[in-house]
Amino acid sequence: MHRAAPRRSRAEERSRKMTAQEVRLCGLLLQEHFGDVVEKVGTHLLRGGAQNLRTILHETGLSLDLVKKSLCVLVQHGACVFSAGRKGPGSPTEYQTTCERILRILRYPRYIYTAKTLYGDTGELIIEELLQRGHMSMSSTVKTVADRLTQNMEDGRSMDYSEVSSTFSKLVETHFLQRCPPLAGAQTTQSATAATAATPDTPGTPASTTLPTAESYPDCYRVPHVTLIGRGKRPLPSEDGDDNRNAKKARLDPETHGDEGIYWQVNFERFHLHFRDQAIISAVASKMDQTSSEIVRTMLRMSEVMTSPTATCTKPLSANEIFRSLPTSYNIARPILDQYLTLLVDDPMEFVGKAGESGGGMYVVNLHRALANLARATLESVVQERFGSRSARIFRLLLRKHHLEQKQVEDFAMIPAKEAKEMLYTLLSQNLVQLQEIPKTPDYAPSRTFYLYNVNQLPTARMLLQNCYKTVSNLIERRLFETKESKRLLEKSQRIEAILASLQASGAESEQLTEVEEMITAPEKQQLETLRLHINKLDSAENQVDETIFLLESYINSTATS
């Protein structure tokens, strides 16, 4: 009884850390991807913390069947974990959702695009299938992806299962995919009574979706021997209902392949490390040149296996090792490499540091310092875009000099007193600048008090992160509003496209096709084009804001671990 109390306090701490903007964004993401019912259950758990099935039923007012199905969906996608009740053995199982996993939905397009860049169309579809379904077995994923690739090939050609299996294995070798923790997936999706049977293994489940827990499982990155022989198949031309029944029958096919009970999920942390490395490489390339960025890329690639995800810097590498590992396309002589390394070490951004003299010099990539500099550049950019270049000059000055009086700000920034005062007060009102009072006497008389302005980077980054969450929520709501306003026109366009596709497949004449196309009038076509343009802009803005969110989250998490 007494051992359950600390777990309760930790759950309450996690729920208190979730801000209103995070919960709002999570609700919108759940609604868009899983529907209103899952959104209602997920948002309720976010606000209320860990709760058992009876409490969820009573407070949401939903039916038992809908709540169970909603919990199934959340557990399947790793957004909900369950644990033994706080009242001891035999008490109802409690369910809890986490903001971190739900917010990853916002980054799905970036995960899929990265997989396509690194592993081609096959890697893209593997990641897409796993993101859509939460977790899958290797054999099921390979079959589904091979069938999808075959559909897009010319007649007579098909994708071999072995090619898809090879790409799947490469994704596992590079840790972009990992096994789900050894907890029966079907067992987690049963009712509270069935879930209680899993309570001996459950205390670790709240962290089951994070990288350390997955890696503590010894077979996390071991690919099982799967017996898959054959090629992708095209769907048979039949009625829609028959297609759905055949697809369901295929999913329930009892054929065994040797990987039953082994499920795989996307390793988000590995993708985040890749994004972090790419951000550092891009920053070095823009600050210095392409050769410098290639040297940093080589250092990051050499140390990615040896370096912990939470480390503040990479493992030390000697100049000799770096020289041997550089791409052959870069014909850099050893003295030139030493000069580049010296330039990187002496650069004020301090992306690279020197850790010793052995082996021609030992060098590290300062991961935490690099993220701090990238976050600082982001904050400066936001101030410049919102308040102008002079306000950005004052902001940069306070970031570097820390505590300054108003007169010192005016002198250092070379801005007239009246303008400097207005800009400082504007930044102060937006919480981008803080004011500290240091009295000479205990009575805090203004004439005998120093008023020092300063910028605290970490709280400012946290505030900007919340603003980014709010921005993305507004963008999603605007996109949903635009789509709802033109719902009738979009449905009409989809119906006509489906008719055209069926006519083309049956070899219809051009006159028939033209007649169907003319069912949409010119004003409707223009309205559709305008809508598509707006939706594309909103999608692009979401992705751009998410890049800022990722940088700020990485900096905040790095500061917490360091």
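Select from Asn467, Gln494, Gln457 the residue farthest towards the positive end of the dipole of segment 456-495; place +1 on Cβ of Lys and Arg, -1 on Cβ of Asp and Glu, and compute about the Cα centre.
Gln494
Using modelled backbone amide H atoms (1.01 Å from N, in-plane), which distant-in-sequence or interchain residues come within less than 5 Å of Met362's amide H?
Close amide H contacts, sequence-distant or interchain: Ala355, Gly356, Glu357.
Mind checking the per residue accessible area of the chain for me, 1.4 Å probe, whole number of Å²?
Normalised by residue count, the accessible surface of the chain is 53 Å².
Suppose each label sits 7 Å from its Cα in the direction of the beta carbon; what would the Glu542-Ser308 distance come out to in nanometres?
Distance between the two pseudo-spin positions: 3.6 nm.
What list of ³J(HN,Hα) values in whole Hz, one per residue of segment 80-91 in order, does the Karplus curve 6.51 cos²θ - 1.76 cosθ + 1.60 (θ = phi - 60°) give from phi, with Gly and Pro shown as x?
With the stated coefficients, segment 80-91 comes to 9, 10, 10, 8, 4, x, 6, 8, x, x, x, 7 Hz.
Restricting attention to segment 371-457, which GluC sites (Glu not before Pro) occupy a DSSP loop and are surrounded by at most 15 other Cβ atoms within 10 Å?
Glu405
Which percent of the accessible area of the chain is formed by carbon and sulfur heavy atoms (probe 1.4 angstrom)?
Answer for the chain: carbon and sulfur cover 52 percent of the accessible area.
With n ≥ 4 as the cut-off for DSSP H runs, can you work out [θ] at 222 nm for the chain, using -39500 (n - 2.57) per run divided by the number of residues, rounded to the nearest 500?
Helices in the chain give a 222 nm mean residue ellipticity of -20500 deg cm²/dmol.
Hey, got the dipole for the chain? About the Cα centre, +1 on K and R Cβ, -1 on D and E Cβ, debye to the nearest 20? Mind dumping the intermediate values first?
Numbers: 68 positive and 68 negative charges, 449 e Å.
Dipole magnitude for the chain comes out near 2160 debye.
Looking at (i) 30.2, 99; (ii) 24.7, 74; (iii) 28.0, 93, which value of Rg and Dmax of the Cα atoms in Å comes from a calculation on the structure shown?
Here the calculated entry is (iii).
If you bin every alpha carbon distance in segment 267-383 into 10 Å steps from zero, what whole percent lands in each bin?
Answer for segment 267-383: a P(r) of 13, 49, 31, 7, 0 percent.
So, in Å, what gap is there between the alpha-carbon centers of segment 49-96 and segment 526-562?
Here the answer is 32 Å between Cα centres.
Going by a ≥ b ≥ c, the root eigenvalues of the Cα gyration tensor, does segment 394-441 fall in the rounded group (a/c under 1.5), the prolate group (a/b larger than b/c) or the oblate group?
On the way: a/c = 1.39, a/b = 1.22, b/c = 1.14.
It comes out rounded by the Cα gyration axes.
At a Cα cut-off below 18 Å, give the aspartates and glutamates reachable from Lys287, other chains included and same-chain residues fewer than 8 away excluded.
Correct list for Lys287: Asp277, Asp346, Asp347, Glu350, Glu380.
In the chain, if the dipole is taken from +1 on Lys/Arg beta carbons and -1 on Asp/Glu beta carbons about the Cα centre, which of Ile520, Leu398, Cys26 is farthest to the positive end?
Positive-end residue among those listed: Leu398.
A 22 angstrom limit on the alpha carbon distance is what I want to check against. Which of Lys116/Lys484; Lys487/Lys525; Lys40/Lys484; Lys487/Lys537; Lys492/Lys525 exceed it?
Violating the 22 Å limit, Cα to Cα: Lys116/Lys484.
Between Ile332 and Gln434, what FRET efficiency follows from the Cβ-Cβ distance if R0 is 30 Å, with the result rounded to 0.05?
Given R0 = 30 Å and the Cβ-Cβ separation, E is 0.05.
Per 0.36 nm of contour for each residue apart, how much would the distance between Gln457 and Gln408 grow if the chain were fully extended, relative to their Cα-Cα spacing?
15.6 nm
Give, in nm to one decimal, the length gained when the segment between Leu64 and Arg110 is fully stretched (0.36 nm per residue of separation minus the Cα-Cα distance). Walk me through the intermediate numbers first.
Values: separation 46, 0.36 × 46 = 16.56 nm, distance 3.60 nm.
Using 0.36 nm per residue and subtracting the Cα-Cα distance, I get 13.0 nm.
Please work out whether segment 411-532 counts as rounded, prolate or oblate from its C-alpha gyration tensor, where a ≥ b ≥ c are the square roots of the eigenvalues and a/c under 1.5 means rounded, while otherwise a/b larger than b/c means prolate and anything else oblate?
Since a/c reaches 1.5 and a/b is larger than b/c, the shape of segment 411-532 is classed as prolate.
The values are calculated or read from the model by the stated rules, or taken from the named source; none is laboratory data. None of these values were measured; they are calculated from a predicted model. Cβ atoms come from the backbone with ideal geometry, glycine included; neighbour counts cover every protein chain shown. These accessible areas exclude ligands, DNA and RNA; they are computed on the full protein's heavy atoms, side chains included. Shrake-Rupley method; radii C 1.70, N 1.55, O 1.52, S 1.80 Å.
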